[in-house]
Amino acid sequence: MRKLTTVLVAAMAATLLPAMAVAASDDVISVGFAQVGHESDWRTASTKSCQDVFSTENGYDLSFVDCDNDEAAQKEAVRSFIEQDVDYIIIDPIIATGWDTVLTECEDAGIPVIVIDRTIDDSDKYAAWVGSNFMTEGLAAGEWLKAYADAQGIDELNILTISGSTGSSAQIGRSDGFNEVAEKYGWNLLDEQTGDFTEAGGQEVMENYCKSYEGQFNVVVCQNDNEAFGAMTAMDNAGVTYGPGNDVILISYDACTAGLEDVKAGKISADFECNPLAAPFVEEVIKTIASGEEPEKEVYMVEHWYALPDQIVDFEINGEPQEMTEVTDEVIEAQY
Ligand code: GYE
């Protein structure tokens, strides 16, 4: 771990002896990152964010493990970081529960754990969490749908959901938030099956939906953009039209670049952002811990709700007015 004295000595050495290499090996901060997998554009951006911030040039030694959506492999990865005696462990938990034992092992080893993105719901033995409010995302999608359907004069909503990986906090929050709104307004929730946050999963579920619910649905909610890409392929093949003015209102989450391109193209009706660029905030947490202070336990990412002008409507979440962002080429250009 980088110690203040080491830093000062290194700085002095740099001034006095510029020709000497000053980066002693104990200056390097070792970080183990147990990543969920590589299932989506969101995930690719999250991985890149961590690799960019925790780079060798920035003074880090990053052990990165892609856990390929396998909970057991993820716990193994964390235990291997304990074996390596890394300075910090970052976990993006595949599922929200079952963590207390391994977090206790981290605590016993004296290694601070920083949780990113998805939450751990059955243990608080970690230093900090940096991520998104998935419940808010679900509520936003629901309340937007209410305001949009009202504006369009659509009074019957028959909804199919393609959910994310079952038991992940992203899935739980988005489902709970959206379904709470659906119950409040008495919408017809026809079905909810998992597409595991992948394009192939989204396509497969939508192919089945197109057969089982032919002519019976007018809303499809995909819990991430990659599922929406797959769902669109399935609807194209089944002759179902989607997007503003068509058979189906298509709602998505993440708002990655390709997702926003589909909003701009009039395919996705509204896209609710989830921001994957958490690593700079994680670095702040590490610096706070290294300086001997206690970090904020929860840090929330800032997120936007995206649509084209005709789909931008006023709505509130628990009495709080929400702003929507128009998708333009500049917005797409700047997105992850
Ligand atoms: O929405 C999805 C990814 O955990 C918020 O996981 C993340 C989700 C994201 O695979 O695209």
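The values are calculated or read from the model by the stated rules, or taken from the named source; none is laboratory data. Computed from a predicted structure; not experimentally measured. Using ideal geometry, Cβ is built from the backbone for each residue, glycine included, and neighbour counts are taken over all protein chains shown. Areas reflect the complete protein model, heavy atoms only, side chains present, ligands, DNA and RNA absent. Shrake-Rupley method; radii C 1.70, N 1.55, O 1.52, S 1.80 Å.
At a glance:
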| quantity | calculated |
| --- | --- |
| Hits in the range 112-124 - residues which are under 22 Å from D70 (Cβ atoms) and surrounded by 15 or more Cβ atoms within 10 Å (Cβ to Cβ) | V113, I114, V115, I116, D117, R118, T119, I120, D121, S123 |
| Qualifying position, being more than 16 Å from the ligand (Cβ to nearest atom), modelled with pLDDT under 95 and surrounded by fewer than 24 Cβ atoms within 10 Å (Cβ to Cβ), among G245, G266, G239 | G245 |
| Cross-chain or 6+ apart pairs with Cβ under 7 Å, the range 49-72 first and among the charged types (D, E, K, R), then open to solvent by 70 Å² or more (accessible area, probe 1.4 Å) | D66/H38 |
| Search result, residues across the range 281-310 that are among the acidic types (D, E), within 13 Å of A128 (Cβ to Cβ) and under 21 Å from the mean Cα position of the chain (by Cα) | E283, E284, E296, E298 |
| Matching residues in the range 290-336 - criterion: being among the hydroxyl-bearing types (S, T, Y) and under 27 Å from Y60 (Cβ atoms) | S291, Y300, Y336 |
| Residue pairs meeting the criteria (Cβ under 8 Å; at least 6 apart or on separate chains; first assigned by TED's automatic domain parsing to the domain that holds A170, in the range 209-227; second within 16 Å of the ligand (Cβ to nearest atom) and of a type in the set (K, R)) | Q223/R174 |
| Yes/no for A109 being without any contact (Cβ under 8 Å) to a residue 40 or more places away in the chain, assigned by TED's automatic domain parsing to the domain that holds I120 and farther than 30 Å from S252 by Cβ | yes |
| Criterion violated by E293 - all others in (1) outside the structural domain of F178 (by TED's automatic domain parsing); (2) buried (at least 20 other Cβ atoms within 10 Å of the Cβ); (3) free of Cβ contacts under 8 Å to residues at least 40 places away in the same chain satisfied | (2) |
| Unique residue being under 15 Å from V221 (Cα atoms) and small (G, A, S) when the list is A109, A141 | A141 |
| Single residue of the range 159-172 satisfying the filter (part of a helix (DSSP H, G or I) and open to solvent by 20 Å² or more (accessible area, probe 1.4 Å)) that is farthest from the ligand (Cβ to nearest atom) | I172 |
| Counted residues, the range 64-117 - those being in a helix (DSSP H, G or I) and closer than 18 Å to P295 by Cα | 3 |
| Checking E156 against (1) surrounded by fewer than 20 Cβ atoms within 10 Å (Cβ to Cβ); (2) within 16 Å of the ligand (Cβ to nearest atom), the condition it does not meet | (2) |
